[in-house]
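To start, the structure itself, in structure tokens.
The values are calculated or read from the model by the stated rules, or taken from the named source; none is laboratory data. If you're wondering where the values come from, they're calculated on a predicted model, not measured in any experiment. So basically every Cβ, Gly included, is an ideal-geometry build from the backbone, and we count neighbours across all protein chains shown.
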Amino acid sequence: MTLIKSISGIRGTIGGEPGLGLTPSDILKFTAAFGTWVSQQALSRGNKGRVKVVVGRDARISGPMVQSLILGTLSGLGIDVIDIGMATTPTVEIAVTGENAEGGIIITASHNPKEWNAMKLLNEKGEFLNGPEGNRVLEMADEGKFVFASVETLGRIIRKDYTDRHIEAVLALPLVDVEAIRSCRFRISVDAVNSVGGVVIPRLLKALGVTEVVELNCTPDGVFAHNPEPLPAHLTEISALTKSSGCHAGFVVDPDVDRLAVINEDGSMFGEEYTLVAVSDYVLRHTPGNTVSNLSSSRALRDQTRLLGGEYFAAAVGEVNVVAAMKEHKAVIGGEGNGGVIYPELHYGRDALVGIALFLTWMAKSGKTPSALKSGYPVYFMSKQRIDLKEGVDVDALLKVMKEKYARETVTDIDGVKIDFEKEWVHLRKSNTEPIIRVYTESGSQAAADALAHRVMSEILSLA
């Protein structure tokens with residue numbers, strides 16, 4: 001059993017002993033801590049009325065159980081709950097601001113297997129908590145000092161469906177051209193891994209004017225048909241279906257629909273790293289400006305941004321860090337190389353719905369297939385490895401040595417150590433829970449990326 005606490009919430013495997021797995025008592029404790037924190041924040045902002053929190057979930061088997069515990073706990077604190085039921089992560093984020101709520105809880109373990117679930121915590125802007133905010137919630141959970149409401153002041157539970165509002169907001173974006181998409185009479189395949197995307201994505205595609213939607217794993221029962229992380233090794237069935245059905249493209253989302261992978265018309269992979277590159281390419285051609293991605297994302301975004309006259313900035317890994325950098329540098333688009341598109345014109349959160357709408361518009365307006373679009377971007381390949389170290393090894397010291405060793409190169413240390421060479425890079429990140437260093441590299445060929453990774457891994461092991 002596993003329970004992991006972080007600034008953005010808690011996640012773990014369902015069941016087991018309290019504190020070791022994600023059990024009902026853990027859910028109650030952390031919900032009470034978050035609800036108490038939200039109420040205090042509301043009061044500090046001058047809100048002396050009733051506090052509202054939005055709650056939504058993906059289609060995981062454990063979702064209804066977790067949801068019922070959260071709804072009851074928030075109501076018990078005197079908080080009104082806007083329960084939007086089964087909804088994507090970006091839909092919950094949009095609902096927080098749409099309802100003028102003081103925060104939100106998303107019940108999802110994202111790409112983790114079905115035995116996992118999690119509570120992702122949002123502030124009043126519909127964005128993930130930052131470091132100080134998240135740490136305070138964790139402290140309050142440990143303190144356990146909660147005051148619950150009397151029977152006269154229990155919170156109300158109000159049920160709403162926000163999916164259509166989300167779709168309408170996407171369609172209303174100036175850069176989303178429904179008529180252009182409709183005129184192309186696209187046939188599109190979808191793999192939603194039997195989660196909430198199975199309801200939302202076909203509905204979005206039809207609203208966008210897609211002529212035919214070919215569905216795979218679109219029954220939202222939480223029984224994942226394959227590993228839910230949208231990586232090439234897990235997408236062989238949708239790849240074959242896209243080609244055999246004569247689809248113009250295929251879209252794959254993870255269980256909470258904040259990541260988007262694209263399948264080319266011939267069944268090959270567009271590449272998760274290139275989802276953000278392609279969408280940014282389209283956006284930058286119409287609204288020139290800056291972009292942001294995290295340190296472990298492809299250099300292709302930097303290259304394409306500079307080609308179109310903008311400036312690229314790198315952020316530490318994690319959506320909250322990318323969003324902060326986007327605001328600081330006034331980025332017109334950004335995200336993460338795992339297929340996470342963040343388009344501020346809609347909201348500051350990874351959103352596969354807006355990614356799909358912008359990608360299809362780009363296909364329609366350019367007249368290009370996905371493979372033709374991909375061929376116009378810089379060619380990079382990634383290698384993702386890890387080094388398992390012995391307990392007690394000073395990982396920070398190892399990273400410091402590597403930083404000093406490559407001091408003549410461009411080195412960034414806001415999140416581990418990233419070393420940028422002229423034509424390739426390596427990013428070294430330590431795990432916060434295990435004696436592990438994750439080694440990500442990128443180069444002009446797979447062989448070169450693998451070679452760089454193994455060379456750096458050998459150097460680190462020689463020091464350990």
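State whether the residues of region 257-278 include one that is in contact with an Asp or Glu (Cβ under 7 Å, 6 or more places away or on another chain), surrounded by fewer than 20 Cβ atoms within 10 Å (Cβ to Cβ), modelled with pLDDT of 95 or more and hydrophobic (A, V, I, L, M, F, W, C).
Among the residues of region 257-278, not one is in contact with an Asp or Glu (Cβ under 7 Å, 6 or more places away or on another chain), surrounded by fewer than 20 Cβ atoms within 10 Å (Cβ to Cβ), modelled with pLDDT of 95 or more and hydrophobic (A, V, I, L, M, F, W, C), which makes the answer no.
For residues that are out of contact with any Ser or Thr (no Cβ under 7 Å at 6 or more places or on another chain) and under 20 Å from residue 445 (Cβ atoms), scanning just region 383-408, find the one that is surrounded by the fewest Cβ atoms within 10 Å (Cβ to Cβ).
Initial filter on region 383-408 (out of contact with any Ser or Thr (no Cβ under 7 Å at 6 or more places or on another chain)): 384-408.
So of that shortlist, the ones also under 20 Å from residue 445 (Cβ atoms) come out as 384-385.
Working: 384: 14, 385: 16.
Among those residues, the one meeting the criterion is 384.
Name the pairs: first residue in region 338-367 and on the phi > 0 side of the Ramachandran plot, second residue of a type in the set (S, T, N, Q), Cβ to Cβ under 7 Å, at least 6 apart or on different chains?
339/275
So residue 210 passes all but one of these: (1) within 23 Å of residue 113 (Cβ to Cβ); (2) buried (at least 16 other Cβ atoms within 10 Å of the Cβ); (3) of a type outside the set (Phe, Trp, Tyr). Which condition number does it fail?
(1)
Select from region 185-208 the residues that are closer than 20 Å to residue 88 by Cβ and either assigned to a strand (DSSP E or B) or among the basic types (Lys, Arg) (or both) and list them in ascending order. If you could, list the steps in order and put the result at the bottom.
Step one: list which residues in region 185-208 are closer than 20 Å to residue 88 by Cβ, which gives 188-208.
The answer is 188, 189, 190, 191, 203, 206.
Of all residues in region 209-260, which are farther than 24 Å from residue 61 by Cα and in a strand (DSSP E or B)?
If the condition is that a residue be farther than 24 Å from residue 61 by Cα and in a strand (DSSP E or B), then 212, 213, 214, 249, 250 are the ones that fit.
Select from region 1-26 the residues that are at pLDDT 90 or above and of a type in the set (A, V, I, L, M) and write down the one among them that is surrounded by the most Cβ atoms within 10 Å (Cβ to Cβ). Walk me through how you get there before you give the answer.
Going through region 1-26, the residues at pLDDT 90 or above turn out to be 10-26.
From what's left, of a type in the set (A, V, I, L, M): 10, 14, 20, 22.
On the way: 10: 24, 14: 20, 20: 14, 22: 28.
By that ranking, first place goes to 22.
Filter region 69-78 down to the residues that are within 19 Å of residue 26 (Cβ to Cβ) and touching a residue at least 40 places away in the same chain (Cβ under 8 Å), then identify the one that is nearest to the chain's Cα centre (by Cα). Spell out how you get there, then give the answer.
Here is the first cut: in region 69-78, the residues within 19 Å of residue 26 (Cβ to Cβ) are 69-77.
Then keep just the ones that are touching a residue at least 40 places away in the same chain (Cβ under 8 Å); that gives 69-71, 73-77.
Values: 69: 25, 70: 22, 71: 24, 73: 27, 74: 25, 75: 28, 76: 31, 77: 30 Å.
Here the answer is 70.
Answer yes or no: is there a residue in region 304-320 that is of a type in the set (S, T, N, Q), assigned to a helix (DSSP H, G or I) and either closer than 17 Å to residue 122 by Cβ or free of Cβ contacts under 8 Å to residues at least 24 places away in the same chain (or both).
Step one: of region 304-320, the residues of a type in the set (S, T, N, Q) are 304-305.
Remaining after also requiring assigned to a helix (DSSP H, G or I): 304-305.
Now drop any that are not either closer than 17 Å to residue 122 by Cβ or free of Cβ contacts under 8 Å to residues at least 24 places away in the same chain (or both), which leaves none.
Taking every residue of region 304-320 in turn, none turns out to be of a type in the set (S, T, N, Q), assigned to a helix (DSSP H, G or I) and either closer than 17 Å to residue 122 by Cβ or free of Cβ contacts under 8 Å to residues at least 24 places away in the same chain (or both).
Considering only residues that are hydrophobic (A, V, I, L, M, F, W, C), farther than 20 Å from residue 338 by Cβ and part of a strand (DSSP E or B), which ones fall in region 99-120?
Of region 99-120, the ones hydrophobic (A, V, I, L, M, F, W, C) are 101, 105-107, 109, 116, 118-119.
Okay, now just the ones that are also farther than 20 Å from residue 338 by Cβ, so 101, 105, 107, 119.
Within region 99-120, 105, 107, 119 meet the criteria.
Restrict the check to region 28-51 and report whether at least one residue is within 26 Å of residue 352 (Cα to Cα), assigned by TED's automatic domain parsing to the domain that holds residue 148 and either out of contact with any Lys or Arg (no Cβ under 7 Å at 6 or more places or on another chain) or not in a strand (DSSP E or B) (or both). Walk me through it before giving the result.
In the first step, residues of region 28-51 are kept if they are within 26 Å of residue 352 (Cα to Cα); the result is none.
Among the residues of region 28-51, not one is within 26 Å of residue 352 (Cα to Cα), assigned by TED's automatic domain parsing to the domain that holds residue 148 and either out of contact with any Lys or Arg (no Cβ under 7 Å at 6 or more places or on another chain) or not in a strand (DSSP E or B) (or both), which makes the answer no.
Return the residues of region 137-164 that are among the β-branched types (Val, Ile, Thr) and under 30 Å from residue 203 (Cβ atoms); say none if nothing qualifies. Write out each step before concluding.
Let us first name the residues in region 137-164 that are among the β-branched types (Val, Ile, Thr), namely 137, 147, 151, 153, 157-158, 163.
Once the filter is applied, which keeps residues that are among the β-branched types (Val, Ile, Thr) and under 30 Å from residue 203 (Cβ atoms), region 137-164 yields 157, 158, 163.
Just to verify a result, which residue in region 300-316, among those that are crowded, with 22+ Cβ neighbours inside 10 Å and not small (Gly, Ala, Ser), is nearest to residue 428 (Cα to Cα)?
This residue is 301.
Is there any pair with a first residue in region 81-98 that is in the same structural domain as residue 170 (by TED's automatic domain parsing) and a second that is surrounded by 24 or more Cβ atoms within 10 Å (Cβ to Cβ) whose Cβ atoms are under 7 Å apart and which are 6 or more apart or on different chains, and what are they?
none
Can you find a residue in region 3-11 that is over 22 Å from the mean Cα position of the chain (by Cα) and not assigned by TED's automatic domain parsing to the domain that holds residue 255? It would help to see each step written out before you state the result.
Step one: of region 3-11, the residues over 22 Å from the mean Cα position of the chain (by Cα) are none.
No.
Can you list the strands (runs of 3 or more DSSP E) found entirely within region 346-457 that contain at least 1 residues being more than 26 Å from residue 326 (Cβ to Cβ)? Explain how you work it out, then say what you get.
On the way: elements: 381-388, 410-412, 417-420, 425-430, 436-443.
So the answer is 381-388, 436-443.
Just to be sure before I move on: is residue 416 closer than 29 Å to residue 251 by Cβ, of a type outside the set (A, V, I, L, M, F, W, C) and not assigned by TED's automatic domain parsing to the domain that holds residue 321 in the structure I sent? Working first, answer last.
Numbers: closer than 29 Å to residue 251 by Cβ: no; of a type outside the set (A, V, I, L, M, F, W, C): yes; not assigned by TED's automatic domain parsing to the domain that holds residue 321: yes.
Here the answer is no, as residue 416 does not meet what is asked.
Suppose we filter 81, 96 for residues that are of a type in the set (A, V, I, L, M, F, W, C) and in a strand (DSSP E or B); which single one remains?
81
May I ask you to say which residue of 120, 160 is surrounded by fewer than 21 Cβ atoms within 10 Å (Cβ to Cβ), in contact (Cβ under 8 Å) with a residue 12 or more places away in the chain and either on the phi < 0 side of the Ramachandran plot or touching a Leu at 6+ places or on another chain (Cβ under 8 Å) (or both)?
Working: 120 fails: surrounded by fewer than 21 Cβ atoms within 10 Å (Cβ to Cβ).
None of the other options fit; the residue is 160.
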